[in-house]
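The structure appears below as C-alpha coordinates.
The values are calculated or read from the model by the stated rules, or taken from the named source; none is laboratory data. Owing to the predicted nature of the structure, the values given are computational and were not obtained by experimental measurement. Cβ: placed from backbone, ideal geometry, glycine included. Neighbour counts: every protein chain shown. For accessibility, only protein heavy atoms count, side chains too; no ligands or nucleic acids. Shrake-Rupley method; radii C 1.70, N 1.55, O 1.52, S 1.80 Å.
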Amino acid sequence: MSKNPISTEKAPGAIGPYSQAVEAGGFIFTSGQLGINPQTGEFGDTVEEQARLSLENVKAILEAAGASLDQVVKTTVFLKDMNDFTRVNEVYSSFFSQPYPARSAVEVARLPKDALVEIETITLKK
(Lines give C-alpha, C1' and ligand atoms only; values in the text may rest on other atoms or scores of the structure.)
Protein backbone atom coordinates (compact mmCIF):
# COMPACT_ATOMS: atom_id res chain seq x y z
CA MET A 1 0.00 0.00 0.00
CA SER A 2 1.28 3.44 -0.83
CA LYS A 3 0.51 6.76 0.76
CA ASN A 4 0.41 10.00 -1.16
CA PRO A 5 0.71 13.36 0.57
CA ILE A 6 -1.83 16.06 -0.33
CA SER A 7 -1.11 19.76 -0.03
CA THR A 8 -2.54 23.06 -1.19
CA GLU A 9 -1.74 26.71 -0.68
CA LYS A 10 -5.47 27.29 -0.17
CA ALA A 11 -5.12 25.97 3.40
CA PRO A 12 -2.55 26.81 6.08
CA GLY A 13 0.74 24.95 5.77
CA ALA A 14 1.70 22.33 8.31
CA ILE A 15 3.30 23.73 11.47
CA GLY A 16 5.26 20.56 12.10
CA PRO A 17 6.54 17.39 10.44
CA TYR A 18 3.24 16.24 8.94
CA SER A 19 1.20 16.51 5.75
CA GLN A 20 -2.01 18.50 5.32
CA ALA A 21 -3.53 15.19 4.26
CA VAL A 22 -2.52 11.73 3.11
CA GLU A 23 -4.31 9.52 0.61
CA ALA A 24 -4.01 5.79 1.34
CA GLY A 25 -6.13 2.70 0.85
CA GLY A 26 -8.92 4.54 -0.94
CA PHE A 27 -9.27 7.14 1.83
CA ILE A 28 -8.06 10.70 2.43
CA PHE A 29 -6.99 11.46 5.99
CA THR A 30 -6.76 15.17 6.74
CA SER A 31 -4.62 16.45 9.57
CA GLY A 32 -6.45 18.54 12.13
CA GLN A 33 -7.25 21.95 10.68
CA LEU A 34 -7.27 25.03 12.86
CA GLY A 35 -9.48 28.05 12.24
CA ILE A 36 -6.75 30.02 10.48
CA ASN A 37 -7.17 32.19 7.40
CA PRO A 38 -4.56 30.78 4.96
CA GLN A 39 -4.00 34.19 3.32
CA THR A 40 -3.35 36.15 6.51
CA GLY A 41 -2.29 33.46 8.99
CA GLU A 42 -4.76 34.94 11.50
CA PHE A 43 -7.28 33.06 13.62
CA GLY A 44 -10.98 33.82 13.49
CA ASP A 45 -12.10 35.94 16.44
CA THR A 46 -14.90 33.65 17.65
CA VAL A 47 -15.35 29.89 17.94
CA GLU A 48 -17.91 30.09 15.12
CA GLU A 49 -15.44 31.87 12.84
CA GLN A 50 -12.67 29.41 13.74
CA ALA A 51 -15.00 26.46 13.03
CA ARG A 52 -15.93 27.97 9.65
CA LEU A 53 -12.28 28.57 8.72
CA SER A 54 -11.31 25.09 9.88
CA LEU A 55 -13.96 23.52 7.65
CA GLU A 56 -13.05 25.80 4.73
CA ASN A 57 -9.46 24.57 5.11
CA VAL A 58 -10.62 20.94 5.16
CA LYS A 59 -12.70 21.62 2.06
CA ALA A 60 -9.72 23.15 0.21
CA ILE A 61 -7.50 20.18 1.06
CA LEU A 62 -10.13 17.69 -0.07
CA GLU A 63 -10.62 19.60 -3.32
CA ALA A 64 -6.84 19.46 -3.91
CA ALA A 65 -7.16 15.68 -3.56
CA GLY A 66 -10.06 15.54 -6.02
CA ALA A 67 -12.69 14.98 -3.34
CA SER A 68 -15.42 16.94 -1.57
CA LEU A 69 -17.10 17.29 1.80
CA ASP A 70 -19.91 15.04 0.51
CA GLN A 71 -17.44 12.13 0.60
CA VAL A 72 -16.43 12.62 4.26
CA VAL A 73 -17.29 9.54 6.31
CA LYS A 74 -15.87 10.54 9.73
CA THR A 75 -14.92 13.75 11.48
CA THR A 76 -13.30 14.48 14.79
CA VAL A 77 -13.90 17.86 16.39
CA PHE A 78 -11.54 18.98 19.14
CA LEU A 79 -12.88 21.79 21.33
CA LYS A 80 -11.09 23.90 23.88
CA ASP A 81 -14.41 24.29 25.71
CA MET A 82 -17.30 21.82 25.38
CA ASN A 83 -19.66 24.72 26.15
CA ASP A 84 -18.99 25.76 22.52
CA PHE A 85 -20.47 22.49 21.21
CA THR A 86 -23.81 23.99 20.13
CA ARG A 87 -22.19 27.02 18.48
CA VAL A 88 -19.79 24.83 16.52
CA ASN A 89 -22.68 22.52 15.53
CA GLU A 90 -24.47 25.46 13.92
CA VAL A 91 -21.48 26.11 11.68
CA TYR A 92 -20.78 22.42 11.11
CA SER A 93 -24.33 21.79 9.89
CA SER A 94 -23.89 24.39 7.14
CA PHE A 95 -21.01 22.36 5.63
CA PHE A 96 -22.51 18.84 5.77
CA SER A 97 -25.83 17.37 4.70
CA GLN A 98 -27.55 14.05 5.27
CA PRO A 99 -26.37 11.42 5.47
CA TYR A 100 -24.02 13.14 7.91
CA PRO A 101 -20.55 11.74 8.53
CA ALA A 102 -19.94 9.85 11.74
CA ARG A 103 -18.39 12.21 14.29
CA SER A 104 -16.63 12.44 17.61
CA ALA A 105 -16.37 15.68 19.58
CA VAL A 106 -13.99 15.96 22.51
CA GLU A 107 -12.86 18.71 24.84
CA VAL A 108 -9.10 18.95 25.10
CA ALA A 109 -6.86 20.74 27.56
CA ARG A 110 -5.13 22.75 24.86
CA LEU A 111 -4.90 23.00 21.08
CA PRO A 112 -1.95 24.14 18.93
CA LYS A 113 -1.51 27.91 18.92
CA ASP A 114 -4.23 28.10 21.61
CA ALA A 115 -6.95 27.55 19.01
CA LEU A 116 -10.58 27.19 20.07
CA VAL A 117 -11.41 24.34 17.65
CA GLU A 118 -9.61 21.85 15.41
CA ILE A 119 -11.29 19.49 12.93
CA GLU A 120 -9.96 16.44 11.10
CA THR A 121 -11.67 14.15 8.59
CA ILE A 122 -11.55 10.75 6.99
CA THR A 123 -12.90 10.83 3.44
CA LEU A 124 -13.74 8.09 0.98
CA LYS A 125 -11.96 8.71 -2.32
CA LYS A 126 -14.40 7.97 -5.17
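So the values come out like this:
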| item | result |
| --- | --- |
| Gain in span if fully extended, Phe96 to Lys125, counting 0.36 nm per residue against the direct Cα distance | 8.8 nm |
| Relative counts (whole %) of C-alpha pair distances in the chain, using bins that are 5 Å wide | 2, 12, 23, 25, 20, 13, 4, 1, 0 |
| Label-point separation, Val73 to Arg110 (7 Å along Cα→Cβ), nm | 3.6 nm |
| Whole-number accessible area per residue in Å² for the range 1-102, which is evaluated in the context of all protein chains at 1.4 Å | 53 Å² |
| Exposure rule at most 14 other beta-carbon atoms within 10 Å, DSSP loop GluC sites (Glu not before Pro): the chain longest free segment | 43-126 |
| Accessible surface of the chain [probe 1.4 Å, protein heavy atoms]: carbon and sulfur percent | 50 percent |
| Extension gain from Arg103 to Thr40, taking 0.36 nm per residue of separation minus the Cα-Cα distance | 19.7 nm |
| Compactness relative to 2.2 N^0.38 Å, alpha carbon Rg of the range 55-112 | 1.18 |
| Antiparallel bridges, percent of DSSP beta bridges restricted to the chain (to nearest 5) | 80 percent |
| Range of Cα positions in the range 31-79 per principal axis (Å), largest first | 29, 23, 15 |
